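Below: the structure, in structure tokens.
Read-outs throughout are calculated quantities, based only on the coordinates presented, and are distinct from any laboratory measurement. All values reported here derive from a predicted model rather than from experimental measurement. Because the Cβ atoms are built from the backbone with ideal geometry, glycine has one as well, and the counts that use them run over all protein chains shown.
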Amino acid sequence: MQKTLTILKPDTIGAGRAGAVIASIEEAGFRIRAVRMLHLTRGQAEGFYAVHRERPFFGDLVAFMTEGPVIVMVLEADDAVSKLRELMGATDPAKAENGTIRKRFATNIERNAIHGSDAPETAAVEIAYFFNRLEMV
Ligand code: CMP
């Protein structure tokens with residue numbers, strides 16, 4: 001079993017679609033191992049997305065991720081990292097497959113509903129950013 005980190009982004013929470021997204025995650029076979037809802041500070045969002053700090057969209061990304069609360073979860077499944085990325089669909093919802101979370105719930109490449117770790121090593125770092133061992137079941 002592998003773990004990955006997901007964030008239901010402020011657009012998803014704001015639209016009242018958190019339950020629908022969590023349902024599709026569970027229906028796809030993931031187990032939720034940890035969950036927390038929080039309103040990221042600017043510093044917390046900048047820290048989480050530090051690898052993107054030189055990208056032209058970084059300022060907009062941080063503004064978006066701090067505009068309202070998010071739900072952060074640790075998910076577990078066989079091949080959780082790639083399985084979640086498949087379920088999420090392409091970063092740009094216009095390019096996402098039908099039935100994927102981003103095709104169903106995202107607005108555009110920035111307001112794209114959900115984040116998922118891009119590799120097992122990244123997942124370990126991202127999980128540790130939000131959760132300690134006592135907070136995972
Ligand atoms: P996420 O998977 O959370 O990782 C980085 C985020 O940057 C991405 O989803 C998008 O929400 C956001 N983003 C905004 N513009 C772009 C872009 N041009 N390319 C990639 N990611 C972008």
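With charges set only on the Cβ (+1 for Lys and Arg, -1 for Asp and Glu), what does the dipole of the chain come to about its Cα centre, in debye to the nearest 20?
Working: 17 positive and 18 negative charges, 45 e Å.
The calculation lands at about 220 debye.
Taking the highest mean first, how do the peptides 73-82, 35-44 order by number of other beta carbon atoms within 10 angstrom per residue?
Values: 73-82: 19.5, 35-44: 13.7.
Ranking the peptides 73-82, 35-44 by packing returns 73-82, 35-44.
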Over the chain, what is the mean sequence separation of C-alpha contacts under 8 Å (at least six apart), divided by residue count, expressed as relative contact order in percent? 39 percent
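Percent of Cα-Cα pairs more than 23 Å apart in the chain, please. Kindly include the intermediate steps, with their values, before the conclusion.
On the way: 2501 of 9316 pairs.
Of all Cα-Cα distances in the chain, 27 percent exceed 23 Å.
Distances over 15 Å make up what percent of all Cα-Cα pairs in region 13-60?
Working: 715 of 1128 pairs.
Everything past 15 Å amounts to 63 percent.
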Farthest positive-ward along the chain dipole, Cα basis, beta-carbon charges - from 80, 19, 130: 19
